[in-house]
Each structure stands twice: as structure tokens, then as C-alpha cells.
Amino acid sequence: MASTPAGNDNQQQHCDLFPCFCCWRRRFSIYIPCVVPGQDYTSASVASHNLRLHRFHVAGSGRVIGRSDDLLEPFCGKHERPGILMLEDCKIATGPDFYFICQADQHSLVYRISTSGAKLTCHEKALEALLCLDTARPGDVAEYDPPSWYFVHHELMLHVIPSSPDCGHYIVDVEKKSYKLHKSKRSKLFFSAVFRAGKHIVALCENLQYVYMLRNNLQWRRQKTASSSIDLARKVKVSGFADLVDVMFIVSDNSTADSFMFDLKRGEWFTNEKFFGLLNGRCIFAEGFIYTCSDECLLAFELIADNASYRLGVPIVLDFSWKYICGNKRFLSFDSISWHEIGVHIVFCVVQGYDLAPPGTSRHTLATTKVQVELVDTAPGKKEPVGIGHVNIALSSIIHEGWILTNYAFSL
């Protein structure tokens, strides 16, 4: 291969956009410093070149690898001199506590992480459970069995509700680290999904014919449903759900990839025929968009008013720019931890637990990430997400024999 003339090489060093990012990375990677998890990083400016890295992830070697076509703006950072990444505490106010639940064998473990500071305080720590609840089920338990217990936080309490009517109903005060087990007051009803809808806790069985709402006395009130476009007797396997405006919620069907919205006030189901993906677990509705965790990214669906009902728009893909969080979306849970009224940013906390510990150990790796999403006003009451970057990553561990499943998270 012929060598490049010195004049052309000098011109390439000062070009507006290097034609080959692989060549750019080989030439300028020496200017990119090594980083470690548990610290905050922003964009990098490379000497003798006007290209800046706005998104990056940490490779196994500790070297930062970026993409030359990234257009995300930097945040929560500053530069002392070209080519050097400096750290600065994030000034966005977040809630004080983030809780998540790990299901393990015949138990459910409740953990807490502080999120009020600029940095997560759990890095390189073995976490201890606040509570251990007996959430047993008959027979052997397999990792990929359908959920046998459901978790719903309502105000300051966590409800742990079994699928089977033969088990009791926990009400947990996570701040006081206490709980009460109440005898089940339902008969012959096996729930396939339980979640929050406005001020209510609602449940579904194997189809959409009825919606059950939990009363203050822990009895379930049955509401008969109607629909002009849905076969309510069809079986539905709920993959995810979201609490929407006032008296509405949405669920998605894992078997058909359809989504259905329900109006509690009207008692009516609506279908969204042009759905572009599945909701995963508990999803977050904020500023006109539904956020859900997917494999290696967040998806944001716009909730669009359509005559007397609603529909979901094409998802906005908020690609994860790091590789500590990756893999099966079954092990991803998240919640919004924005403390004040949402402005030009919303902050999420995402937790992922690895189901099996490495051979010869019972130490499971846990990745917790504070994620800042940048928003722009698009219409009254709507703020569209336009970019994502990581604020802080912490790698923790949980000591437990056997598999674990992180499948619910909430903030207080």
C-alpha cells in the first residue's frame, strides 16, 4: 500500500470530518484517557482535530470508544484542556431513594440505593437486602416461569400480590423495613398481571373480559368490560404495562405484539393496531411519552389523541451508549427519579442484575445507572426525548446461591 504524502497527512489532521473513523480512532485514541465505572464523563475534544466525542462506552480494556457520527450535546461536565476528560457533579435534583426487587428461588429480596447525590454510592459494594419476603410457590421454581408474585408501589407502601388466591397479600413499609401479611380475600381468581392505574391497583386474569380493582379493605371489585374492536375472550399474555392519563392504562400482549388501552371510567378497551414494539414490565409515562426498557436501549412511544381514543406513535430509540447494561430485557427495571417538575431533562435510574453468578462463586454482578434524557417541547403537555447520555454507573454485587431476577423498581 502506497504511503500517504506528508501534505495530505497534515491536511487530514485538520479536516472537518475524518473520512474513516477506524483510522481516526487509531490515530487519535492516544488522546482519549482511560476511565473506570462509577465516575461521570462527558464529551472529549481531540487536539489538532475539530471532531468531538459526545457518546462513548468503556471497553473491557478501560479505553473509551466513541462514534464519529454522534450529535448528542455534552452535559454535567467541563474541559480543562483539549483531549482531557474532567469530572463535575451533576446538578440535576433527583429523589433520595431507589428501590428494586430481586426474586430468588422462593423469596423476594428488597434492596435500596441512595440516588440523591451526584454519584451513586453503591459502587464496588456488596448490597444487603432490606427485607426478605417468603414468596413461595408450589413445586419447583424455574427462572423463566411466568410471574407468581406481582409488585406494586402505591404512595409509601409496596403491595406484594400473589397470582394464586391461596397465598397471602403483603403490604410493606419499605422506609420502616416492616410488613404485614394479610389473608387473601379472593377465590378462584388467578391473576396474570397486577399494576397501578392512577390511584387504583388493578389486576387482569387470562383475558380482557374483566378488570379487578383493589379496595381499601383488600377485597377485589370486578368491573365488566366492553369493546367494539377486541375479542375480550381471547387469552392475553401481558409483557408490559403503563399507567397513563388519569383513569387509563395500557398493556401489551407478548403473544401477538398487540397493545390494548383501557378506560376505567368508561369500562372500555381500545386496540392500537399500528403498534411498533412490546412494552416490557413496568413502563413510565412522562410528558406525553411512554418509556420502556428494551435490549440495550430505551424506547419512547408518543401517546397521541385520536378522536375519542389514543394510539401510540413510532418509537424513538434512545440507544444506550455504554455496555455495562446489556442483554436480556427481562433483567432490566427502571423508574424516574426526577425530584422536581420535569423541565428540559428527565432522569431515570436503571438497574440490571445478571441471573447467574460466575462459576465457583455466589456473587452476582449488578449494574445501576443514572440516565439523563434531554427533552424539547413539541406541544402543550408534551416533551419529546431527543438524546440520552449516562450520568453515573455503579457496579455492585449481590451474594446469593442460585439465580436471581431483578424485575421491579421504584423510587420514593
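The values are calculated or read from the model by the stated rules, or taken from the named source; none is laboratory data. Just so we're clear, the structure is a prediction, and the values are computed from it rather than from any experiment. FYI the Cβ positions are ideal-geometry reconstructions off the backbone, even for glycines, and counts take in every protein chain you see.
Listed values, structure above:
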| read-out | value |
| --- | --- |
| Region 307-320 - residue that is in a strand (DSSP E or B) and of a type in the set (Val, Ile, Thr) and, of those, modelled with the highest pLDDT | Ile316 |
| Residues that are among the hydroxyl-bearing types (Ser, Thr, Tyr) and loosely packed, with under 14 Cβ neighbours inside 10 Å, drawn from region 218-243 | Ser228, Ser229 |
| From the options Leu158, Leu109, Leu130, residue that is under 16 Å from Trp403 (Cα atoms) and modelled with pLDDT of 85 or more | Leu109 |
| Odd one out for Ala203 among (1) part of a loop (DSSP other than H, G, I, E, B); (2) modelled with pLDDT of 95 or more; (3) among the small types (Gly, Ala, Ser) | (1) |
| Complete set of residues in region 345-376 that are β-branched (Val, Ile, Thr), within 12 Å of the chain's Cα centre (by Cα) and under 14 Å from Ser396 (Cβ atoms) | Val350, Val351, Thr368, Thr369 |
| Of all residues making up region 213-240, the number that are in contact with a Leu (Cβ under 7 Å, 6 or more places away or on another chain) and under 14 Å from His200 (Cα atoms) | 1 |
| Residue tally, condition under 24 Å from Leu299 (Cα atoms), out of contact with any strand residue (DSSP E or B) (no Cβ under 7 Å at 6 or more places or on another chain) and exposed (fewer than 15 other Cβ atoms within 10 Å of the Cβ), over region 360-412 | 3 |
| Selected residue [part of a strand (DSSP E or B), modelled with pLDDT of 90 or more and under 26 Å from Val194 (Cα atoms)] from Ile290, Ile304 | Ile290 |
| Matching residues in region 161-194 - criterion: being more than 19 Å from Arg330 (Cβ to Cβ) and not in a loop (DSSP other than H, G, I, E, B) | Ile161, Pro162, His169, Tyr170, Ile171, Val172, Asp173, Ser178, Tyr179, Lys180, Leu181, His182 |
| Matching residues in region 193-208 - criterion: being surrounded by 18 or more Cβ atoms within 10 Å (Cβ to Cβ) and touching a Lys or Arg at 6+ places or on another chain (Cβ under 8 Å) | Phe195, Val202, Leu208 |
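For (1) among the hydrophobic types (A, V, I, L, M, F, W, C); (2) farther than 30 Å from Pro96 by Cα; (3) modelled with pLDDT of 95 or more, each residue gets a yes or a no:
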residue	(1), (2), (3)
Glu175	no, no, no
Lys180	no, no, yes
Lys185	no, yes, no
Val194	yes, no, yes
Lys199	no, no, no
Asn217	no, yes, no
Asp231	no, yes, no
Arg234	no, yes, no
Lys237	no, yes, no
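Residues checked against (1) part of a strand (DSSP E or B); (2) within 18 Å of Tyr408 (Cβ to Cβ); (3) without any contact (Cβ under 8 Å) to a residue 24 or more places away in the chain:
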position	(1), (2), (3)
Gln223	yes, no, no
Ser229	no, no, no
Ser252	yes, yes, no
Leu278	no, yes, no
